[in-house]
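Contents: one structure, followed by commentary.
The values are calculated or read from the model by the stated rules, or taken from the named source; none is laboratory data. Computed from a predicted structure; not experimentally measured. Every residue, glycine as well, gets a Cβ built from its backbone with ideal geometry; the counts of neighbours run over all protein chains shown. Just the protein is used for accessible areas: all its heavy atoms, side chains included, with ligands, DNA and RNA removed. Shrake-Rupley method; radii C 1.70, N 1.55, O 1.52, S 1.80 Å.
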Amino acid sequence: MMSDVTCSHLDAITTVKHAKRRECEECIKTGSQWVHLRTCQECGTTLCCDSSPNRHASKHARASGHPVIASAEPGERWLYCYPDDAFAEY
Ligand SMILES: [Zn+2]
Ligand SMILES: [Zn+2]
Ligand SMILES: [Zn+2]
């Protein structure tokens, strides 16, 4: 795993959780739209990115203390830690 920034959260990820669903679990409840999908690496919830109107992945990270998400977009293989603003490909 490669990372420019020191982040113990990213270093702790040994098995990447992948999206179980191809939809934001919060947006789907309200009929909102999303742009890209992210998967929480603590609980496996799939939520929308910061380019989406509701930014559910970012809100989830703050509210739950689950720091790391993975891109759930096909072909993208990276992790991101919100509190450390750290990025790693895998
Ligand atoms: Zn971190
Ligand atoms: Zn959403
Ligand atoms: Zn979570």
Tally of residues being buried (at least 21 other Cβ atoms within 10 Å of the Cβ) and near ligand 3 (Cβ under 8 Å from one of its atoms) across segment 50-69:
2
Top-ranked residue in segment 29-49 [being within 16 Å of ligand 3 (Cβ to nearest atom) and assigned to a loop (DSSP other than H, G, I, E, B); ranked as surrounded by the fewest Cβ atoms within 10 Å (Cβ to Cβ)]:
Cys43
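From the list Leu37, Leu47, which residue is touching a helix residue (DSSP H, G or I) at 6+ places or on another chain (Cβ under 6 Å) and of a type in the set (A, V, I, L, M)? Walk me through it before giving the result.
Values: Leu37 fails: touching a helix residue (DSSP H, G or I) at 6+ places or on another chain (Cβ under 6 Å).
Only one candidate qualifies: Leu47.
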Residues of segment 65-84 satisfying the condition of being within 14 Å of ligand 1 (Cβ to nearest atom) and outside any strand (DSSP E or B):
Gly65, His66, Pro67, Tyr82, Pro83, Asp84
Of the conditions (1) surrounded by 11 or more Cβ atoms within 10 Å (Cβ to Cβ); (2) out of contact with any Ser or Thr (no Cβ under 9 Å at 6 or more places or on another chain), Lys20 clears all except one; give me its number.
(2)
Could you list all residues from segment 6-15 that are assigned to a loop (DSSP other than H, G, I, E, B) and either over 20 Å from Arg62 (Cα atoms) or open to solvent by 80 Å² or more (accessible area, probe 1.4 Å) (or both)?
Thr6, Thr14, Thr15
